[in-house]
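Trainee: Here's a structure for you.
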Amino acid sequence: MSENSSPQSSKIRISPGQIARLSAGIAVIAWMAWRLYTVLFVEAIYGIDTWTRFAISGLILGGMYALIAIGYTLVYGIMFMINFAHGEVMMIGAFGGYFVFEALRNIPMPTPEDPKLSFLNAQPLLSVLLAFLVGMTIAAIAGYYLERIAYRPLRQAPRLILLITAIGASIFLQNAAMLMFGPQRQTVYNPVLLTRGTGWEIPMGKSVVMLTYTGTFSFVLSILLLIILYLVVQQTRLGRSMRAVAHDKDTAALMGVDVNDTVSKTFIISGLLAGAAGVMWGIHNGLVNHFTGFLPGIKAFTAAVLGGIGNIPGAMLGGLFLGVVEAMGPAALGIDFQLKDVIAFSILVLVLIFRPQGILGEALSEEKL
Amino acid sequence: MSNSIRNGLRAGIIFGIVIIFLFLIGFTLIAPELISKLYQGSEQTKDFNIGLLLPNLVIFMGLLGIWAGITGAKEDEPDTWAKAIVAGLTTGLTTGLLVGITAFIVGTLYQNEVDIRDYLVSLSNENIILFLFNQNALTGALYQFGLMTITSVIGGILAIGVGRASWRKNLAEKIGDSVRQTASMPKVAGTINSKYTRFALLAIIIVISFALPQQWGSYWNYVMGTVGIYVLLGIGLNIIIGWAGQLVLGYVAFFAIGAYTFALLTSPEPHHLEWNFWFAIVLAILAATLSGVLLGLPILSLRGDYLAIVTLGFGEIVRIMIKSDMMTGITNGPRGLRDVGGPTLFGQDFSTDINFMYLIIIAVLLTTFLAYRLQNSRTGRGWIAIREDDTVAQATGVNTFRSKLLSLALGAAIAGLAGALFASRNQFTGPEDHALMVSINVLCIVIVGGMGSIPGMFLGAFVLKGVPEMLREVEIYRLLVFGALLVVMMIIRPEGLWPLQRPRIEKYDEHQKQIPG
């Protein structure tokens, strides 16, 4: 302990950890800059059309990440825990949407022109609406009971214990889904209106860029939901109590806010958004299985940290940013597309090293830190 | 009375949902098979024998029904028959209704030859036939309804005893007190804590552990070898999580680095190295330690849950990198490495399963010894101080950063050793051996065994790795049970099955009992 024995030295002391972090971070950023320069100016493999394609798919992905990230941020703000099972809530929503589509697909609704028409294609708007309704409701119920059964008995417990509980709940839900619905991926059959791979074709550069219907639909809907959520949190009585509980639980309780009720409602709102993201995932990507929620869940948490945890606009921005980075990153750095998950995690590490409070800053009460 | 009905309804709904869930995951088919294995030994026929399984299903469902009845009735400690029967009946009717309706729906679909397995894979024909008691949909559903109702009423009646059973609790407390008193008597305490008793115990354990592998067949050596490797991993992660309190979720990364370093150095395939086993194992440990230090340097000052997510990411990154096309030239990609070298001793081959068991036992004993020595050392106490409160630990003169880094490096070293042994024993290692689930398994061992407790790691590894190996039928339910176990343990018994002694001693301190209020 000899190097710590001079308490009066007022010089700024840099610990080996800080040095290591800084040098590692600078090295990685320098490498990234070099790769980016090489890919963009020296090799110039991709034209503007390809970049636009990447950006579009990134934004669509990012919209879904943002919806899930909101759930992490809201819960983290209130309970200061990573709700590890949130990705599984999204998976439940995805299965809800899948089953609605499957059920409607099997309801025949023959017309004179097309005797094989099903309800799904006869009433596409109604079907999609129903899928979202069911998926979001089921996910919200799952979120509510998750909190009631697993987290509420541990309200006063240390954070490590809450986190382990959340991991346990995540494993449980994942495996329950696998045992019930099987390990193989199920194909989601959209209404013909939203067939995957069709869309508006926009001429750009040497070729055309496809703006798919499913992608546009997902993106517009996620932005819409995010706006609604923002209004709910900022304008309504429920939002006010949520912000109060996040800021200071005890004082909020003294001011007449029902803390348990607010926490439950927070989980319900998170579940609704995650469920919507799940249904979108099914519509846009077309495959659903028990593992659907896991990686998006972790990525969305990364997004929440990126934007500044506890900060709702931050989570939205973080989600979109992460989606775009993930889609464009492998191409921009000229590396394998298999490594896109590595890029997402590396971004997380870099942000935690250089700006641990996230892009827009954390919004957490002092006592929690 | 209305209270009894309300409690009964609640218990009935919960149990109804649980039974439907068990049906949907196919456990209502597996459980009767397990029961029949209990009293008929291991001589089992592979084919589906409804006559054999039916009574066992009745036993299984009946026990669940009785449990439901007890749960529904015990809430308001029924003292009269009427109350108990009303509560039991409500529970039974609710459960029966839920289960019966499910059975009816599934049965009707089955009879109309709808392919339910497309959507719910566990609803195999056998499962449905058994659940309907080999009857048609309506009769089967009614049977289920009747069975649940009757057994729940029996459970409700049994619950009458619960109110009167408070003396049992008192007795248990009295026994506990007397045991504690005896243990604190100077003579007994002297014997228990004496050096010689410990040495004798240690000698017995060592003799047993060296005698057993000769007696067991190769199957048991395999199972216990796996348990041993997980004991190693448990002890290693216990240093990081249990003592230093740093939640590391990517522990498998060190395991993978150890295994791959070892395999690359001894396997003939990609690089033709085929080095000596002992040299390779040392290098594997060093590589894992180095990776622990390099990972720890930048991230260890992060907040607890950030650390968890970053290390989780690190574990995934290592696996993805090993698998990726970019690294195929070095790591053989998704195919993995074959013919990993076995141990040699003075030029002789040393890799029979018995020898390997010895090797693992020696590794476990050495690591355990190391861990025990560390536990009460200055370093170990520093770790526990950090776990309890980082800031206070720093204020009392613990170099927190260096301590944390040391714990991570040590944990990584042990994981590297375990990885090398694992690769060498299986003569193979591939990226899927190092999935996230290994980290989760080890985390479960640490939690279930008891955070911070070394004997707890042995117990945890045996319960979580050994027992499922023996019950092959329930293999698919293992992770499900792990998840549930984590949640339940955290709620009911967060200190684990074999908790660390230190906090308990403080809790039952005599001085605290005398403080009024």
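Trainee: In the neighborhood of A:Phe101, defined by Cβ-to-Cβ distances under 15 Å, what is the net charge if each Lys or Arg adds +1 and each Asp or Glu adds -1?
Mentor: On the way: positive: A:Arg105, A:Arg185, A:Arg196; negative: A:Glu102, B:Asp118.
Its environment carries a net charge of +1.
Trainee: Taking the alpha-carbon centroid of each part, what is the distance from region A:262-333 to region B:345-373 in angstrom?
Mentor: Taking the Cα centre of region B:345-373 as reference, the centre of region A:262-333 is 46 Å away.
Trainee: Still on this structure, please answer the following. Could you list B:Ser184, A:Ser241 so that the one with the fewest beta carbons within 10 Å of its beta carbon is first and the one with the most is last? Each step should come with its number before you reach the end.
Mentor: On the way: B:Ser184 10, A:Ser241 20.
The fewest-first ordering by Cβ neighbours comes to B:Ser184, A:Ser241.
Trainee: Right, next: For an R0 of 25 angstrom, estimate the FRET efficiency from the Cβ-Cβ distance between B:Ile101 and B:Ile50 and round to the nearest 0.05.
Mentor: Numbers: r = 23 Å, r/R0 = 0.92.
Computed FRET efficiency for B:Ile101 and B:Ile50 comes out at 0.60.
Trainee: Further, regarding this structure: Using alpha carbons only, how many degrees (0 to 90, rounded to 10) separate the axis of helix B:378-388 from the longest principal axis of chain B?
Mentor: 40 degrees
Trainee: Can you tell me which of A:Leu61, A:Leu173, A:Leu126 moves the most in a GNM of chain A? Springs connect C-alpha atoms under 10 Å apart.
Mentor: Top of the fluctuation ranking is A:Leu126.
Trainee: Using a ≥ b ≥ c from the Cα gyration tensor of region B:197-435 (square roots of the eigenvalues), is it rounded, prolate or oblate, where a/c under 1.5 gives rounded and otherwise the larger of a/b and b/c decides, a/b for prolate? Before the final figure, lay out the partial values.
Mentor: Details: a/c = 2.30, a/b = 1.19, b/c = 1.94.
Since a/c reaches 1.5 but b/c is at least a/b, the shape of region B:197-435 is classed as oblate.
Trainee: Remind me, relative contact order of region B:197-435 in percent, using alpha carbon pairs under 8 angstrom and six or more residues apart?
Mentor: Details: 371 pairs, mean separation 94.3, N = 239.
Relative contact order comes out at 39 percent.
Trainee: For the cross-link pairs B:Lys37/B:Lys83; A:Lys299/B:Lys323; A:Lys206/B:Lys323, which exceed 27 Å when the distance is taken from alpha carbon to alpha carbon?
Mentor: Table pairs above 27 Å Cα-Cα are B:Lys37/B:Lys83; A:Lys206/B:Lys323.
Trainee: While we're on this one: For the protein assembly as shown, build the charge dipole from Cβ charges (+1 Lys, Arg; -1 Asp, Glu) around the Cα centre, then report which of B:Ala287, A:Tyr37, A:Ser170 sits farthest towards its positive end.
Mentor: B:Ala287
Trainee: Which loop chymotrypsin sites (Phe, Trp or Tyr not before Pro) in region A:286-357, with loop taken from DSSP, have no more than 14 other Cβ atoms within 10 angstrom of their Cβ?
Mentor: Values: sites: A:Phe291, A:Phe294, A:Phe301, A:Phe321, A:Phe337, A:Phe345, A:Phe354; in loops: A:Phe291.
Hits after loop and neighbour filter: nothing returned.
Trainee: Which distance in Å, rounded to a whole number, links the C-alpha centroids of region B:81-99 and region B:477-500?
Mentor: 30 Å
Trainee: Given contacts defined as C-alpha pairs under 8 Å and at least six residues apart, what's the relative contact order of chain B, whole-number percent? Could the numbers behind the result be given before it?
Mentor: Working: 781 pairs, mean separation 86.0, N = 517.
Answer for chain B is 17 percent.
Trainee: Quick check on the protein assembly as shown: take the gyration tensor over C-alpha atoms, sort the square-rooted eigenvalues as a ≥ b ≥ c, and tell me if it's rounded (a/c under 1.5), prolate or oblate. Mind showing how you got there, number by number?
Mentor: Values: a/c = 1.34, a/b = 1.02, b/c = 1.32.
Rounded is the answer for the protein assembly as shown, as its axis ratio a/c remains below 1.5.
Trainee: Fewest first, what order do B:Glu495, B:Glu113, B:Glu475 take by the number of other Cβ atoms within 10 Å? Walk me through the intermediate numbers first.
Mentor: Details: B:Glu495 17, B:Glu113 7, B:Glu475 10.
Fewest-to-most Cβ neighbours within 10 Å comes out as B:Glu113, B:Glu475, B:Glu495.
Trainee: A further question on this structure: Could you state the angle between the C-alpha long axis of helix B:195-215 and the longest principal axis of the C-alpha atoms of chain B, as a value from 0 to 90 degrees rounded to the nearest 10?
Mentor: It works out to around 80 degrees.
Trainee: Further question on the same structure: Could you pull out every residue, at least 5 positions away or on a different chain, whose amide H is within less than 5 Å of the one on A:Val209? Hs are placed 1.01 Å off N in the peptide plane, and Pro or chain starts have none.
Mentor: It is A:Ile202, A:Met204, by chain and number.
Trainee: Could you work out the helix-only [θ] at 222 nm for the protein assembly as shown, with each DSSP H run of four or more residues adding -39,500 (n - 2.57) and the total divided by the number of residues, to the nearest 500 deg cm²/dmol? Before the final figure, lay out each step's value.
Mentor: Working: 38 runs with 619 residues, N = 886.
Computed ellipticity for the protein assembly as shown at 222 nm equals -23000 deg cm²/dmol.
Trainee: Angle check, please: helix B:252-266 long axis (alpha carbons) against the longest principal axis of chain B (alpha carbons), in degrees 0 to 90, nearest 10.
Mentor: Orientation of helix B:252-266: about 50 degrees from the principal axis.
Trainee: Report, in whole Å, the centroid distance computed from the Cα atoms of region A:35-74 and region B:202-216.
Mentor: Between the Cα centres of region A:35-74 and region B:202-216 lies a distance of 60 Å.
Trainee: Of B:Phe199, A:Phe54, how do they rank once you tally other Cβ atoms within 10 Å and put the fewest first?
Mentor: Details: B:Phe199 10, A:Phe54 19.
Ordered by Cβ neighbours within 10 Å, fewest first: B:Phe199, A:Phe54.
Trainee: To continue, here is another question. Run through region A:87-155 and list the GluC sites (Glu not before Pro) located in a DSSP loop whose Cβ has at most 11 other Cβ atoms within 10 Å.
Mentor: On the way: sites: A:Glu88, A:Glu102, A:Glu113, A:Glu147; in loops: A:Glu113.
When the GluC sites (Glu not before Pro) of region A:87-155 are filtered for loop state and at most 11 Cβ neighbours within 10 Å, A:Glu113 remain.
Trainee: On to the next question. For region B:306-396, what's the relative contact order in percent, using C-alpha pairs closer than 8 Å and at least 6 residues apart?
Mentor: Numbers: 31 pairs, mean separation 7.8, N = 91.
Dividing the mean separation by the residue count of region B:306-396 yields 9 percent.
Trainee: Membrane-span-like helices in chain A: DSSP H runs reaching 24 Å or more (Cα, own axis), mean Kyte hydropathy at least 1.0? Walk me through the numbers on the way to the answer.
Mentor: Values: long enough: A:16-37 (31 Å, 0.79); A:48-79 (44 Å, 1.27); A:86-105 (29 Å, 0.74); A:124-146 (32 Å, 1.98); A:159-181 (33 Å, 1.75); A:213-235 (32 Å, 1.80); A:259-285 (38 Å, 0.77); A:312-333 (30 Å, 1.51).
Qualifying helices, which must be both long enough and hydrophobic enough, are A:48-79, A:124-146, A:159-181, A:213-235, A:312-333.
A short reminder: the numbers here are calculations on the coordinates, not readings from a lab. All of these numbers come straight from a predicted model, not from anything done at the bench. Every residue, glycine as well, gets a Cβ built from its backbone with ideal geometry; the counts of neighbours run over all protein chains shown.
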